[in-house]
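Note sheet for the following structure.
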Amino acid sequence: MEVAPPGSERWEAGSSRYIAGPSLLEPILPLAEVTDPLCTMRGALLLYVWGALLGIGSTQYSWEGPKLPKPSPPVCVADTSSCGCCVMQRELWHLQERVATGLNQLDRNIARAEQTVASIRTGRSAFSTALTNQRRRCVGPLREETNLIYEVVFVNMGGTYDRQTGVFTVPQAGVYSLALTMFSDAGSAGELLRACVKLCVNDMPLSTSSEQNRQDQEDSASVAIAVQLRVRDRVSVRLMPGCIICDNNLHYNTFSGFLLYPTF
């Protein structure tokens, strides 16, 4: 009995007889010739096991050919919160918003600062005056209280001191330094010295300076004060009833003021 070499056995077509032969050298028999159901099942099982052993079971096959697995969607589409590029883009947008907000705020601050500087420039105020340039000038005594008009103007920045009325009108709200000096003489020894004035804001007394005695033929007094004023406040020096002040070109009687710093 002849023994076929390994790998050369095959089934005889149209029968169940197993015969030896070089199956790898002969063409594969048509499927129509394989009529044994057991043979068909064995062949199918063999193909399945063979495919599993070769690792091709993970690939889907059809009559149109192998179908590759559908690629998973990009991370940006599946979960934008975990996408590095999306996170960077979002942070970039936030940074742009913060920069834009900061620039807008800076523009507003610059505009406000420019407005403040312009307001300070236009609101700069200072004045300094004296009662007269004459050899001698006396005012009073009068029955009623009246504004003193200082005829000599040394400084009138902004034109806020009115030469006609003797009133300083506040152009810019802020803290102002106001000062006055008062001098008078009794005219002769033993006469009553009555030098009395008051510093007023809107006709309301802010400070009073008064010298009434018979011991001094002449006397003087000074007032210096810092006060917060509002726009259009009226500042003046008023001569009190029955009082008298005198001056000459040495300027003993003065009235002055200036803005220390504005308030808003």
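Rule-based calculations on the coordinates, nothing more; no lab input. Here the structure is a predicted model, which is why all the values come from computation and not from measurement. Note that we place each Cβ from the backbone using ideal geometry, even for glycine, and neighbour counts take in every protein chain shown.
A Förster radius of 25 Å, combined with the Cβ-Cβ distance separating residue 118 from residue 175, puts the computed FRET efficiency at roughly 0.80. Once both labels are positioned 7 Å from their Cα atoms along Cα-to-Cβ, the gap between residue 224 and residue 85 label points is 7.5 nm. Label separation (residue 95 vs residue 233): 5.2 nm, computed from points 7 Å beyond Cα along the C-beta direction. Loop-located trypsin sites (Lys or Arg not before Pro) in segment 195-264 (DSSP state other than H, G, I, E, B) with a sparse environment of at most 14 neighbouring Cβ atoms within 10 Å: 214, 230, 232.
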